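The values are calculated or read from the model by the stated rules, or taken from the named source; none is laboratory data. Predicted model, so just to flag it, every value in this text is computed and none were measured. Cβ: placed from backbone, ideal geometry, glycine included. Neighbour counts: every protein chain shown. All accessible areas refer to the heavy atoms of the entire protein, side chains included, with ligands and DNA or RNA removed. Shrake-Rupley method; radii C 1.70, N 1.55, O 1.52, S 1.80 Å.
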Amino acid sequence: MQPFSIPLSRSAFFRFGSPILLALALLAGLHRVPQLSSTSEVLLISLPYILFPVAVFLGELFNQSRTSLAAIILLLSYYIIQTWLQSPLSIQSTKLTYTLLSLLLPLNLLIIHRLPERRLLTRSGILFLFIIFAQFICSSVAISYLSAFDLSMVWQKYLIGFPLISRLPVAIILLFIASITLHAMLIFKRNQPHDHALFISTLFSAITLTFFQFPMISSVAYTVCSLLLLTNLINCSHELAYIDQLTGIPGRRSLDTEMKYLGGTYSIAMIDIDHFKKFNDTYGHKTGDDVLRLVASIIAKEANLAKVYRYGGEEFTIIFKGKAQADCMRLLEQIRKGISAYPLKILAHQNNETTKDAQTISTNITVSIGLSGNHNIDNPHSVLKAADKALYRAKSNGRNQVVQR
Ligand SMILES: Nc1nc2c(ncn2[C@@H]2O[C@H](COP(=O)(O)OP(=O)(O)OP(=O)(O)O)[C@@H](O)[C@H]2O)c(=O)[nH]1
């Protein structure tokens, strides 16, 4: 179950909508490309050569190797465009290079989804890079061989084009549309950072190759694309630091940051799952993880506007800004009752922790809650300590209850 408090920048709508809006803005501005000085032109042409390697490096640093691979492919395709596609497409070898690049690029970006999220220099990463290299060599050989023949008949017969809109054959435009749709569907289905990265890469390479007749299109579109990939990676690093990976809600670091800025009236609640060790021991660690995710999502949903954090282990913290202790009791009781009444259907993995051996069981869990407001306490850490003491009392009073300071 997914947590309910996903920030806008990580939502599927944002990950889908923001590149689309930028792409539309870019398309709308295509006819109005300003006259650039030669220095600005050189700078613009150089930007993707600088930004994509940075994206490869950051992707490796933040364990996002699929984003790194996408950046490598885009860097290579940009090099091909700048080196071999600056002559008119009426030249046979240029046309062949353009067609092969437009065909292979979306296919390779699709393949990346199938690769495991490992570092670049592991077996799957090296194998993929070798396949890219092999494609490059085979394409070069094919282009130099086929350039000797007149292929205009084949071109017209099989790759029908609309020269007024695009130099790209309709079949390849359709391939781009299909792969963009697929990447978009994956964003809405599972919303992983690399789904966003591959969607961006396919979208902007499609724009470049479809509207190839516009001057500087590759430099502008690839620069926007590399900046979006970098933004995606920076977002990932923030997520790694501040979001708890298991439950998807903010983690301890977020809580520590928030505590520094707490002022005025506020209250803090500490929530602890009862007999959680027993869950792990009886049903296995994976079931324990499922329970943690579920409890996090129930608390995040019920807490309304209050901020929820995973404090660590099976403990959660809620910060109620602007609320005195007494004002939080009703909501906390609601959370406690909500969790204890939840008909848990969990996959019990037993001793052998494989999904195949798992069976569904129905059970219930309870939580104990300690609450403290900041009345007469001078700093947030002491308030949290007081809430923790109240939680301890809730445990020793028999669990499944809310106790205030
Ligand atoms: N599955 C899973 N278990 C965790 C995680 N973090 C901590 N735990 C387990 O949480 C359990 C906490 O157990 P205890 O602190 O003894 O508390 P308890 O069993 O909940 O008992 P009371 O708090 O006294 O009701 C330990 O078994 C930890 O291994 C996690 O991320 N996943």
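Sort out which residues of the stretch 277-328 are at pLDDT 95 or above, of a type in the set (Phe, Trp, Tyr) and open to solvent by less than 40 Å² (accessible area, probe 1.4 Å), and write them in order of number.
Those that are at pLDDT 95 or above, of a type in the set (Phe, Trp, Tyr) and open to solvent by less than 40 Å² (accessible area, probe 1.4 Å): 309, 316, 320.
Residue by residue through the stretch 25-50, note down the ones that are open to solvent by 30 Å² or more (accessible area, probe 1.4 Å) and hydrophobic (A, V, I, L, M, F, W, C).
25, 27, 28, 33, 36, 42, 43, 44, 45, 47, 50
Could you say which residue among 93, 166, 139, 144 is of a type in the set (Gly, Ala, Ser), touching a residue at least 40 places away in the same chain (Cβ under 8 Å) and open to solvent by 70 Å² or more (accessible area, probe 1.4 Å)?
144
Which of (1) open to solvent by 30 Å² or more (accessible area, probe 1.4 Å); (2) at pLDDT 95 or above is the odd one out, the single condition residue 102 does not satisfy?
For residue 102, the failing item is (1).
Conditions (1) under 29 Å from the mean Cα position of the chain (by Cα); (2) within 16 Å of the ligand (Cβ to nearest atom); (3) of a type in the set (Lys, Arg), marked per residue:
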position	(1), (2), (3)
270	no, yes, no
273	no, yes, no
283	no, yes, no
288	yes, yes, no
307	yes, no, yes
332	no, no, no
338	no, no, no
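Kindly provide the set of residues from the stretch 290-305 that are within 15 Å of residue 243 (Cβ to Cβ) and within 16 Å of the ligand (Cβ to nearest atom), ordered by number.
292, 293, 296, 297 - these are the residues of the stretch 290-305 that are within 15 Å of residue 243 (Cβ to Cβ) and within 16 Å of the ligand (Cβ to nearest atom).
Mind checking which residues of the stretch 225-262 are more than 17 Å from the chain's Cα centre (by Cα) and either within 15 Å of the ligand (Cβ to nearest atom) or closer than 24 Å to residue 402 by Cα (or both)?
Listed by number, the residues that qualify are 251, 252, 255, 256, 258, 259, 262.
Name the residues in the stretch 367-394 that are within 16 Å of the ligand (Cβ to nearest atom), assigned to a helix (DSSP H, G or I) and surrounded by 16 or more Cβ atoms within 10 Å (Cβ to Cβ), would you?
387, 388, 390, 391, 394
If I filter the stretch 182-196 for residues that are without any contact (Cβ under 8 Å) to a residue 12 or more places away in the chain and hydrophobic (A, V, I, L, M, F, W, C), do I get at least one hit?
Of all residues in the stretch 182-196, those without any contact (Cβ under 8 Å) to a residue 12 or more places away in the chain come to 185, 189-190, 192.
Filter once more, keeping what is hydrophobic (A, V, I, L, M, F, W, C): 185.
The answer is yes; a qualifying residue exists.
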